[in-house]
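K.L.:
Please find one structure pasted underneath; my questions will follow.
The values are calculated or read from the model by the stated rules, or taken from the named source; none is laboratory data. Everything numeric here is computed off the predicted structure, so don't read it as measured data. We place every Cβ from the backbone using ideal geometry, glycine too, and count neighbours over all the protein chains shown. Ligands, DNA and RNA are stripped out before the accessible areas are found, and what is left, the full protein with its side chains, is counted by its heavy atoms. Shrake-Rupley method; radii C 1.70, N 1.55, O 1.52, S 1.80 Å.
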Amino acid sequence: MNTATTALREAAVAFVAALDPAGRQAALSPFDTDDRREWTYLPGPRPGVAVEDLDDSARTALDALLDATLSAAGALRTRAVMELDDVLRDLERGRGKGGWERRSSGRYWVRVLGSPTEALWAWHLGGHHVAIHATVVGDSLALTPCFLGANPAVVPSGPHAGMQVLREEEALARDLLGALDADQRRVAVVSRTAPSDIATRHDPLADRSLVPAGVARAQLDPDQQGRLEALVRCYVDRAPDSVAAERWRTLVAEGLDAVTFAWAGPTSPGEPHYYALRGESFLVEYDNTQDGANHAHTVWRDLRRDWGEDLLAQHHARDHR
């Protein structure tokens, strides 16, 4: 029995038990519901129960569920993104910008699909700049699509001035870019202009061909390869240790030399920029172009395991056999 999925099942059962009848009715849906693969990172309501409608007991259970789903760093980042919506509300209210009322760390929605006591089930956490999708198939866990964003990317003023929720995601990419020589950089920098957003947006299925390739790991020296791997691990390690280790072994087995790094836009900090990582079975996108290049989007997609699809195919094949 996988201890990660065992702990996750127990946390999900405890969360459902902590809901009041209205919350349970809002939160629960069948696993095979038609909109299981619909998602977005824009503000607005989602299917499920709103965090702001949870009582203290259910909020505590939700915290435990998030901790059981992600690594410590992944859970910390997710909570920080949610709390950043309160910071954005205060900034927009101070500037007299309309619509600040919709910003709130409570305007995130939790949905449980299927029963955590069964072989197939999932749970989703969604709201502005958060899209966590956990799918459990037997003893296996899939955690993509996984989206986290930050607006502002760096808090410009107020009591939280300087706060940068996705600091590592930018710093590691700049570290790799700065380590490239002139010839490598000419391959890696695919455009002088950054796109306005991630190319795959909130597509249910990610199209790898939309994401630029850039410079391959095989073209890098050992030090540069280490920097590229650190950037990939920054995203893979949003998962619990055992899940991240398993996914990393898969990437190594597929061949890391084919993993590519692409950059678009100016290379100076503070300018609109974008980067992408592409492997045999995964892609990562980071975009910071909106609101004066102070509004970041990041996404990790597993091209085989998004929504647990590869795991589900294996499960159904075993059942039919």
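K.L.:
Can you name the number of the only condition in (1) part of a loop (DSSP other than H, G, I, E, B); (2) over 19 Å from the mean Cα position of the chain (by Cα) that I198 fails?
P.N.:
Condition (2) is where I198 drops out.
K.L.:
Are any residues in the stretch 1-30 within 29 Å of A206 (Cβ to Cβ), open to solvent by less than 30 Å² (accessible area, probe 1.4 Å) and not in a helix (DSSP H, G or I), and if so, which ones?
P.N.:
The one that is within 29 Å of A206 (Cβ to Cβ), open to solvent by less than 30 Å² (accessible area, probe 1.4 Å) and not in a helix (DSSP H, G or I): S29.
K.L.:
Let me ask another. Testing L141 on (1) outside any loop (DSSP other than H, G, I, E, B); (2) touching a Phe, Trp or Tyr at 6+ places or on another chain (Cβ under 9 Å), one condition comes back false. Which one is that?
P.N.:
For L141, the exception is condition (2).
K.L.:
Moving to a separate point now. Given (1) part of a helix (DSSP H, G or I); (2) without any contact (Cβ under 8 Å) to a residue 60 or more places away in the chain; (3) buried (at least 16 other Cβ atoms within 10 Å of the Cβ), identify the lone condition not met by L312.
P.N.:
It is condition (2) that L312 fails.
K.L.:
Let me ask something else about it. Report, by residue number, each residue of the stretch 91-139 that is open to solvent by less than 10 Å² (accessible area, probe 1.4 Å), of a type in the set (F, W, Y) and under 17 Å from the mean Cα position of the chain (by Cα).
P.N.:
The answer is Y108, W123.
K.L.:
Just give me the residues in the stretch 131-157 being of a type in the set (A, V, I, L, M, F, W, C) and either without any contact (Cβ under 8 Å) to a residue 40 or more places away in the chain or closer than 19 Å to A26 by Cα (or both), in sequence order.
P.N.:
Quick first cut of the stretch 131-157, residues of a type in the set (A, V, I, L, M, F, W, C) only: 131-132, 134, 136-137, 141-143, 146-148, 150, 153-155.
Those that are of a type in the set (A, V, I, L, M, F, W, C) and either without any contact (Cβ under 8 Å) to a residue 40 or more places away in the chain or closer than 19 Å to A26 by Cα (or both): A131, I132, A134.
K.L.:
Checking L70 against (1) touching a residue at least 60 places away in the same chain (Cβ under 8 Å); (2) within 17 Å of I132 (Cβ to Cβ); (3) open to solvent by 70 Å² or more (accessible area, probe 1.4 Å); (4) not aromatic (F, W, Y): exactly one of these is not met. Which one?
P.N.:
For L70, the failing item is (3).
K.L.:
Looking at the stretch 68-114 only, could you name the residues that are among the aromatic types (F, W, Y) and more than 22 Å from V136 (Cβ to Cβ)? Even if it seems obvious, please write down each step before you answer.
P.N.:
Let us first name the residues in the stretch 68-114 that are among the aromatic types (F, W, Y), namely 100, 108-109.
Selection gives W100 alone.
K.L.:
Looking at W307, is it in contact (Cβ under 8 Å) with a residue 60 or more places away in the chain, crowded, with 16+ Cβ neighbours inside 10 Å and assigned to a helix (DSSP H, G or I)?
P.N.:
On the way: in contact (Cβ under 8 Å) with a residue 60 or more places away in the chain: yes; crowded, with 16+ Cβ neighbours inside 10 Å: yes; assigned to a helix (DSSP H, G or I): yes.
So W307 fits the description; yes.
K.L.:
I'm told V155 meets every condition in (1) of a type outside the set (S, T, N, Q); (2) over 20 Å from the mean Cα position of the chain (by Cα); (3) closer than 27 Å to A7 by Cα; (4) buried (at least 17 other Cβ atoms within 10 Å of the Cβ) except one. Can you identify the failing condition by its number?
P.N.:
Exception for V155: condition (3).
K.L.:
I'm told V87 meets every condition in (1) of a type in the set (V, I, T); (2) in contact with a helix residue (DSSP H, G or I) (Cβ under 9 Å, 6 or more places away or on another chain); (3) closer than 24 Å to E52 by Cα except one. Can you identify the failing condition by its number?
P.N.:
Unmet for V87, out of (1) of a type in the set (V, I, T); (2) in contact with a helix residue (DSSP H, G or I) (Cβ under 9 Å, 6 or more places away or on another chain); (3) closer than 24 Å to E52 by Cα: (2).
K.L.:
If a residue must be over 15 Å from the mean Cα position of the chain (by Cα) and without any contact (Cβ under 8 Å) to a residue 60 or more places away in the chain, how many such residues does the stretch 272-292 contain?
P.N.:
Total meeting the criteria: 4.
K.L.:
Restricting to the stretch 268-287, give me the number of residues that are surrounded by 15 or more Cβ atoms within 10 Å (Cβ to Cβ), hydroxyl-bearing (S, T, Y) and in a loop (DSSP other than H, G, I, E, B).
P.N.:
Total satisfying the criteria: 1.
K.L.:
Same structure, new question: Quick test of your reading of the structure: G44 fulfils all but one of (1) open to solvent by 30 Å² or more (accessible area, probe 1.4 Å); (2) more than 22 Å from W300 (Cβ to Cβ); (3) out of contact with any Phe, Trp or Tyr (no Cβ under 7 Å at 6 or more places or on another chain). Name the failing condition by number.
P.N.:
Unmet for G44, out of (1) open to solvent by 30 Å² or more (accessible area, probe 1.4 Å); (2) more than 22 Å from W300 (Cβ to Cβ); (3) out of contact with any Phe, Trp or Tyr (no Cβ under 7 Å at 6 or more places or on another chain): (1).
K.L.:
Can you tell me which of Q290, Q219 is at negative phi, of a type in the set (S, T, N, Q), in contact with a helix residue (DSSP H, G or I) (Cβ under 9 Å, 6 or more places away or on another chain) and open to solvent by 10 Å² or more (accessible area, probe 1.4 Å)? Break it down into steps so the answer makes sense when it comes.
P.N.:
Working: Q290 fails: in contact with a helix residue (DSSP H, G or I) (Cβ under 9 Å, 6 or more places away or on another chain).
One residue alone meets the criteria, Q219.
K.L.:
I would also like to ask the following. Within the stretch 154-170, does at least one residue satisfy the condition of being among the small types (G, A, S) and within 20 Å of V51 (Cα to Cα)? Can you show your working first?
P.N.:
Within the stretch 154-170, the first condition is being among the small types (G, A, S), and the residues that meet it are 157-158, 161-162.
Within this subset, residues satisfying the condition of being within 20 Å of V51 (Cα to Cα) are none.
Within the stretch 154-170, none of the residues are among the small types (G, A, S) and within 20 Å of V51 (Cα to Cα).
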